[in-house]
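Below is one structure; the comments refer to it alone.
The values are calculated or read from the model by the stated rules, or taken from the named source; none is laboratory data. Remember, predicted model here, so these are calculated numbers, not experimental data. FYI the Cβ positions are ideal-geometry reconstructions off the backbone, even for glycines, and counts take in every protein chain you see. Surface areas here come from the heavy atoms of the whole protein model, side chains and all, with no ligands, DNA or RNA. Shrake-Rupley method; radii C 1.70, N 1.55, O 1.52, S 1.80 Å.
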Amino acid sequence: HHHQRQQQNYHTGADEGSSAAAVDDTREGRGRRNSRKRRPLNEGWWMGIPQYIVINFQLPLYEPSLWGGNSDGYGISIILYFKLTERGRTAIREGENAAKLFQSFCKAAAGTNGADWNTIGKRWKNIIHIANQDDLKLSFVMKEIVRKFSGKPFLTRSRKEAYRGSNYLEIDINQHTSNYVKKKAVFGLKESLVDMVLDVGFLIESQEDDEMPENLIGTIRLQGIDFQNDARDVEWNRIVAPI
């Protein structure tokens, strides 16, 4: 379940873990595994941009209730690692619009300026494209859901937390707090995850002319997400607070 691919602004890698509840701030677990690899001492933040972006996608795998009430429970974390590329450095040095927008996002997320994280955090977009959707054995209803949402950018209204490290910024996207329709779709597709080829991308929504055009922060291809066999159980009992 480890895959790598080069993209425009960040190089990437991925890990997978399961837990009885959503887990924020994954640095302790990552540090246990290979702290020297994950946190090189000679690379920190540069021009307001971290050398690494860590995306912790928290996916619920339980059946949601139509009446609400369950916003946590068993699920998996798909943890994506993005390393700043030379293309990304060039965009920042040259002051490209998308790079400046990303700088503002990182400063707000890290709490280093007066920008409102609750506002700019809502401009985070995901793109999830199922590259082999025609090969999957899905019901008619699930095929229609996939056709409607696959490959289309969408704003995430789910709860997000940000954690600043010495050389990285972690964004935790808690899909446990998604609406019923999205959680029902994830539950309906979970048995097909192992057969899916997923192209995943992230970007910040442009709202003003001087923020155009939108540009992908990072992309990655995920294949064979076998949460039943590959996801390592994680029990991190600690109290953390976003910075």
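Give SER158, SER178, SER166 a once-over and let me know the one that is within 24 Å of CYS106 (Cβ to Cβ) and modelled with pLDDT under 90. Even if it seems obvious, please write down each step before you answer.
Numbers: SER178 fails: within 24 Å of CYS106 (Cβ to Cβ); SER166 fails: modelled with pLDDT under 90.
After applying the criteria, what remains is SER158.
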Item to complete: State which residue is most open to solvent (accessible area, probe 1.4 Å) when the search covers only the range 89-99 and only residues that are assigned to a loop (DSSP other than H, G, I, E, B) and without any contact (Cβ under 8 Å) to a residue 60 or more places away in the chain.
Response: GLU94
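Let's see how each residue does on (1) open to solvent by 80 Å² or more (accessible area, probe 1.4 Å); (2) modelled with pLDDT under 90; (3) in a loop (DSSP other than H, G, I, E, B); (4) of a type in the set (Gly, Ala, Ser):
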{"residue": "ILE79", "(1), (2), (3), (4)": "no, no, no, no"}
{"residue": "LYS83", "(1), (2), (3), (4)": "no, no, no, no"}
{"residue": "ARG87", "(1), (2), (3), (4)": "yes, no, no, no"}
{"residue": "ALA115", "(1), (2), (3), (4)": "no, yes, yes, yes"}
{"residue": "LYS122", "(1), (2), (3), (4)": "yes, yes, no, no"}
{"residue": "HIS129", "(1), (2), (3), (4)": "no, no, no, no"}
{"residue": "LEU138", "(1), (2), (3), (4)": "no, no, yes, no"}
{"residue": "LYS143", "(1), (2), (3), (4)": "yes, no, no, no"}
{"residue": "LYS152", "(1), (2), (3), (4)": "yes, no, yes, no"}
Discussion item. Can you tell me how many residues within the range 216-227 are under 17 Å from PHE154 (Cβ atoms), in a loop (DSSP other than H, G, I, E, B) and not hydrophobic (A, V, I, L, M, F, W, C)?
Written reply: 0
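Of everything in the range 184-201, what is more than 14 Å from ILE145 (Cβ to Cβ) and of a type in the set (S, T, N, Q)? Give them in sequence order.
First, pick out the residues of the range 184-201 that are more than 14 Å from ILE145 (Cβ to Cβ): 191, 193-195, 197-201.
Within the range 184-201, no residue meets the criteria.
Taking the range 60-77, which residues are touching a Gly at 6+ places or on another chain (Cβ under 8 Å) and open to solvent by 30 Å² or more (accessible area, probe 1.4 Å)? Explain how you work it out, then say what you get.
Just the residues of the range 60-77 that are touching a Gly at 6+ places or on another chain (Cβ under 8 Å), to begin with: 60-62, 76-77.
Of everything in the range 60-77, just one residue is touching a Gly at 6+ places or on another chain (Cβ under 8 Å) and open to solvent by 30 Å² or more (accessible area, probe 1.4 Å), namely TYR62.
Please specify each residue of the range 165-189 satisfying the condition of being open to solvent by 30 Å² or more (accessible area, probe 1.4 Å) and hydrophobic (A, V, I, L, M, F, W, C).
VAL181, VAL186, PHE187
So that you can scan it fast, the table gives a plain yes or no per residue for (1) over 18 Å from THR119 (Cα atoms); (2) hydroxyl-bearing (Ser, Thr, Tyr):
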{"site": "ASP134", "(1), (2)": "yes, no"}
{"site": "VAL141", "(1), (2)": "yes, no"}
{"site": "GLU144", "(1), (2)": "yes, no"}
{"site": "ARG159", "(1), (2)": "no, no"}
{"site": "TYR168", "(1), (2)": "yes, yes"}
{"site": "PHE187", "(1), (2)": "yes, no"}
{"site": "GLU208", "(1), (2)": "no, no"}
Worksheet item: Quick check: is even one residue across the range 207-218 small (Gly, Ala, Ser), open to solvent by less than 20 Å² (accessible area, probe 1.4 Å) and at pLDDT 90 or above?
Response: yes
